[in-house]
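Asks: Let me give you the structure first, and then I'll get to my questions.
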Amino acid sequence: MAALPTNFARGDLQDQKVADYQSPLGVTRTETVSLPGLRTHSGFTFEQVDVAYQTLGTLSPARDNAILICPALTGDAHVAGTDPHTGRPGWWDYHVGPGKAIDTDKFFVICASVLGGCGGTTGPASSRPGNGKPYGMDFPPVTVRDMVSVQIKLLDHLGIPKLFAVIGGSMGGMQVLALAVDHPERVRVCIPIATCISHTAMQIAFNEIGRHAIVSDPDWNGGDYSEGRRPVHGLAVARMVGHVTYLSEFAMTHKFGRQRQAEQGANGDEAAAFSVESYLQHQGQNFVKRFDPNSYLYLTRAIDQFDLFENGPAADILRRVRARFLVISFASDWLYPPAQSRELVRLLKRAGISATYINVGTEYGHDSFLIENPAFASVVRHYLENENRSRQLKP
Amino acid sequence: MNPGIYETVLRWIPEKSRVLDLGAGDGSFLARLVQARQATGEGVEKDSGLVARCVERGLVVHQGDIADGLDQYGDGAFDFVLLLGTFQELVLPAEILREAFRVGRQVIVAYSNFAHLRVRLQILFQGRTPVTRSLPQPWHRTRNLHFLSILDFQQFTRDLGVRETARAYFNARGAVRFLPNLRAEEAVSLLHADTISRRSAVAEPGKTKTETYEV
């Protein structure tokens with residue numbers, strides 16, 4: 001078997017401790033702010049929403065160097081730096097920091113946990129006003145556009161009239177697109193990564209397997225579970241399925257092949273687990289510690305429902321968009337295949353929007369943007385640098 | 001490619017034109033065009049490493065294979081479409097030219113002349129497939145699919161209903177004016193479509209009867 005590139009072996013920073021990895025940002029903290037009044041697209045009104053967010057770098061006096069990072073399904077506000085409690089680096093520490101693709105020496109970086117998630121922003125596990133019990137399944141349906149509305153409220157709170165850039169992968173990419181369309185006056189540069197304008201049947205199907213695993217776990221109890229009896233088995237299965245779709249056959253072959261766990265395989269035990277089995281179980285076990293099962297249901301619903309052009313023809317909707325785009329896909333991504341990014345690019349260009357498109361060759365699959373990835377990082381860094389330079393020339 | 005070709009193309013393109021460079025490579029020429037002509041430039045390139053180089057230069061670039069068409073661009077989105085250096089590698093050059101004329105008003109094509117004297121002599125006296133400065137690879141390694149001469153190209157444009165409004169020929173010593181089909185190694189041609197975009201299908205090459213007396 002060919003040697004596995006180090007970055008493939010290390011994987012992402014979400015669910016595992018990467019040996020010797022130290023964030024150059026040191027300890028970073030997540031703050032929470034209560035913002036008033038939000039009406040969701042389903043018609044539900046929150047009197048107030050809590051928003052957990054992190055900021056890195058320094059806001060320029062003109063308040064024009066802000067970059068909003070939109071997290072993917074299981075990401076949260078802790079985007080980079082070391083968490084003071086867990087000691088873990090942020091989920092995008094490989095690409096956010098001093099001198100990195102998203103350079104915190106130049107830009108003021110903001111990242112907030114999404115509405116409906118479980119990263120400190122209001123979600124199904126939050127206490128309901130009044131009785132103090134969690135919302136559970138009484139939480140209103142959430143859309144990607146609702147997530148963006150919350151982020152806009154946060155920008156208002158931080159006093160940022162217009163973002164320099166908004167960037168995100170997967171579900172984060174959907175937020176990028178929704179922000180560009182719903183709030184065209186709030187952003188100059190959009191970088192949607194490994195994303196799409198709406199899910200295909202296959203993408204919905206994988207999410208439905210995950211949801212089904214959760215709701216058929218007896219401990220789910222209609223979404224009304226206690227800390228003691230959470231549907232951890234269902235959620236672990238959902239994560240295992242999800243994780244497979246985030247990788248490529250190449251990555252799995254080179255990472256695991258048909259290797260078995262050493263301690264079991266040594267005495268020729270036929271039942272010895274394949275490495276990939278224990279890896280997935282490990283992924284599942286770690287995930288249930290940090291993720292709320294109901295949030296998984298709500299967020300996967302949100303991305304399945306997402307349709308950038310649900311309100312009219314693409315040409316009409318894109319007419320008001322002013323931002324310039326860098327669209328990135330990965331050749332090995334079979335969950336959000338490059339063809340979906342190309343379709344997005346086609347619609348952008350046909351609407352007269354400046355769009356650069358690159359299909360990066362990383363063979364890691366959908367998660368290629370979450371791992372250490374020099375080719376990807378270089379494109380993002382140069383694009384942001386060049387756009388930043390032209391912004392300074394003609395503000 | 002002969003540097004004279006790039007100089008010629010720079011001369012042909014007026015300031016502030018909208019230019020699409022097909023097969024933009026690392027974007028060096030497009031960047032020059034954007035700089036020197038204040039052009040609004042965009043490149044199409046299939047190699048992701050080269051696309052990344054274009055991004056480094058601050059160019060708008062699209063990763064794609066021009067053989068798959070240019071569906072991402074609307075009709076008449078550009079003033080000029082450039083095909084410099086890949087023309088003889090295209091499987092269906094007529095189809096790509098048609099598509100180029102859909103998205104652009106004028107198309108500039110550069111190509112190698114297979115009827116150059118040295119090529120003719122190699123075939124005639126050595127009996128071998130020629131390897132020359134402008135055709136540097138042996139037959140089994142070359143990416144060229146089509147071996148055309150300047151006369152062939154002119155015939156091709158006539159068959160397509162495309163007007164050649166300017167042309168320039170080059171060999172290692174510079175511009176060639178006298179007997180280009182014999183003496184030039186490379187050619188560049190500025191094309192204007194009068195009828196191509198209204199045709200339902202490309203005329204089959206060779207259908208038009210044309211007499212040629214050039215060598």
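Residue-wise test of (1) of a type in the set (Gly, Ala, Ser); (2) more than 18 Å from B:ALA184 (Cα to Cα); (3) out of contact with any Cys (no Cβ under 6 Å at 6 or more places or on another chain).
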position: B:GLU99; (1), (2), (3): no, yes, yes
position: B:VAL107; (1), (2), (3): no, yes, yes
position: B:ALA110; (1), (2), (3): yes, no, yes
position: B:ASN113; (1), (2), (3): no, no, yes
position: B:LEU117; (1), (2), (3): no, no, yes
position: B:ARG120; (1), (2), (3): no, no, yes
position: B:THR129; (1), (2), (3): no, yes, yes
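Asks: Can you pull out the residues in region A:203-230 that are exposed (fewer than 12 other Cβ atoms within 10 Å of the Cβ) and among the hydroxyl-bearing types (Ser, Thr, Tyr)?
Replies: If the condition is that a residue be exposed (fewer than 12 other Cβ atoms within 10 Å of the Cβ) and among the hydroxyl-bearing types (Ser, Thr, Tyr), then A:SER226 is the only one that fits.
Asks: Another question about this same structure. Going by what's in this entry, would B:ARG18 be described as among the basic types (Lys, Arg), in contact with a Phe, Trp or Tyr (Cβ under 6 Å, 6 or more places away or on another chain) and either within 13 Å of chain A (Cβ to nearest Cβ) or buried (at least 21 other Cβ atoms within 10 Å of the Cβ) (or both)?
Replies: Taking the combined requirement at face value, the residue satisfies it.
Asks: Out of the residues in region A:49-70 that are among the small types (Gly, Ala, Ser) and within 18 Å of A:VAL187 (Cα to Cα), state the one that is surrounded by the fewest Cβ atoms within 10 Å (Cβ to Cβ).
Replies: A:ALA62
Asks: Go through region B:40-53 and give me each residue that's of a type in the set (Val, Ile, Thr) and in a helix (DSSP H, G or I).
Replies: The answer is B:VAL51, and nothing else.
Asks: When the residues of region A:209-227 are narrowed to those that are free of Cβ contacts under 8 Å to residues at least 60 places away in the same chain and in a helix (DSSP H, G or I), which ends up farthest from A:ILE152 (Cα to Cα)?
Replies: Within region A:209-227, the match that is farthest from A:ILE152 (Cα to Cα) is A:PRO218.
Asks: Sort out which residues of region A:96-140 are assigned to a loop (DSSP other than H, G, I, E, B) and at positive phi, and write them in order of number.
Replies: If the condition is that a residue be assigned to a loop (DSSP other than H, G, I, E, B) and at positive phi, then A:GLY99, A:GLY116, A:GLY120, A:GLY130, A:GLY132 are the ones that fit.
Asks: Test B:THR129 against the criterion of being in a loop (DSSP other than H, G, I, E, B), free of Cβ contacts under 8 Å to residues at least 40 places away in the same chain and among the β-branched types (Val, Ile, Thr), and give yes or no.
Replies: yes
Asks: Further question: Yes or no: region A:318-335 includes at least one residue that is hydroxyl-bearing (Ser, Thr, Tyr), surrounded by fewer than 24 Cβ atoms within 10 Å (Cβ to Cβ) and free of Cβ contacts under 8 Å to residues at least 40 places away in the same chain.
Replies: No, every residue in region A:318-335 fails to be hydroxyl-bearing (Ser, Thr, Tyr), surrounded by fewer than 24 Cβ atoms within 10 Å (Cβ to Cβ) and free of Cβ contacts under 8 Å to residues at least 40 places away in the same chain.
Asks: Got at least one residue in region A:231-242 being charged (D, E, K, R), modelled with pLDDT of 95 or more, under 16 Å from A:ALA125 (Cβ atoms) and surrounded by 16 or more Cβ atoms within 10 Å (Cβ to Cβ)?
Replies: Within region A:231-242 (the criterion being charged (D, E, K, R), modelled with pLDDT of 95 or more, under 16 Å from A:ALA125 (Cβ atoms) and surrounded by 16 or more Cβ atoms within 10 Å (Cβ to Cβ)), the answer is no, since none of the residues qualifies.
Asks: For A:PHE309, all conditions in the list (1) farther than 25 Å from B:LEU70 by Cα; (2) more than 14 Å from chain B (Cβ to nearest Cβ) hold save one; what is the number of the exception?
Replies: Answer for A:PHE309: the failing condition is (1).
Asks: Mind checking which residues of region A:352-372 are buried (at least 18 other Cβ atoms within 10 Å of the Cβ), within 10 Å of another protein chain (Cβ to nearest Cβ) and not β-branched (Val, Ile, Thr)?
Replies: Result: A:ALA355, A:TYR357, A:ASN359.
Asks: Condition first: in contact with a Pro (Cβ under 8 Å, 6 or more places away or on another chain) and either in a loop (DSSP other than H, G, I, E, B) or touching a residue at least 40 places away in the same chain (Cβ under 8 Å) (or both). Now tell me which residues in region A:175-199 satisfy that.
Replies: A:VAL176, A:LEU177
Asks: Same structure, new question: Quick one: which of A:ASP93, A:ASP146, A:ASP156, A:ASP76 is acidic (Asp, Glu), within 28 Å of A:SER341 (Cα to Cα) and not in a loop (DSSP other than H, G, I, E, B)?
Replies: Every option except A:ASP146 fails the conditions.
Asks: Give region A:63-81 a look and list any residue that's touching a residue at least 60 places away in the same chain (Cβ under 8 Å) and either within 18 Å of A:ALA101 (Cα to Cα) or of a type outside the set (Ser, Thr, Tyr) (or both), or say none.
Replies: A:ARG63, A:ASP64, A:ASN65, A:ALA66, A:ILE67, A:LEU68, A:ILE69, A:CYS70, A:PRO71, A:ALA72, A:LEU73, A:GLY75
Asks: Now a separate question. Does A:ARG301 satisfy the criteria of being more than 13 Å from chain B (Cβ to nearest Cβ) and touching a residue at least 40 places away in the same chain (Cβ under 8 Å)?
Replies: yes
Asks: With region B:54-121 as the region, which strands (runs of 3 or more DSSP E) entirely inside it contain at least 3 residues that are away from every other protein chain (no Cβ under 12 Å) and either among the aromatic types (Phe, Trp, Tyr) or in contact with a Gly (Cβ under 8 Å, 6 or more places away or on another chain) (or both)?
Replies: Fully inside region B:54-121 and qualifying: B:78-84, B:104-112.
Asks: Considering every residue within region A:282-297, establish whether at least one is farther than 24 Å from A:GLN203 by Cα and within 14 Å of another protein chain (Cβ to nearest Cβ).
Replies: The answer is no, given that none of the residues of region A:282-297 is farther than 24 Å from A:GLN203 by Cα and within 14 Å of another protein chain (Cβ to nearest Cβ).
The values are calculated or read from the model by the stated rules, or taken from the named source; none is laboratory data. Note that the structure is a prediction, hence the values are computed from the model and not measured. No Cβ is skipped: glycine too gets one built from the backbone with ideal geometry, and neighbour counts run over all protein chains shown.
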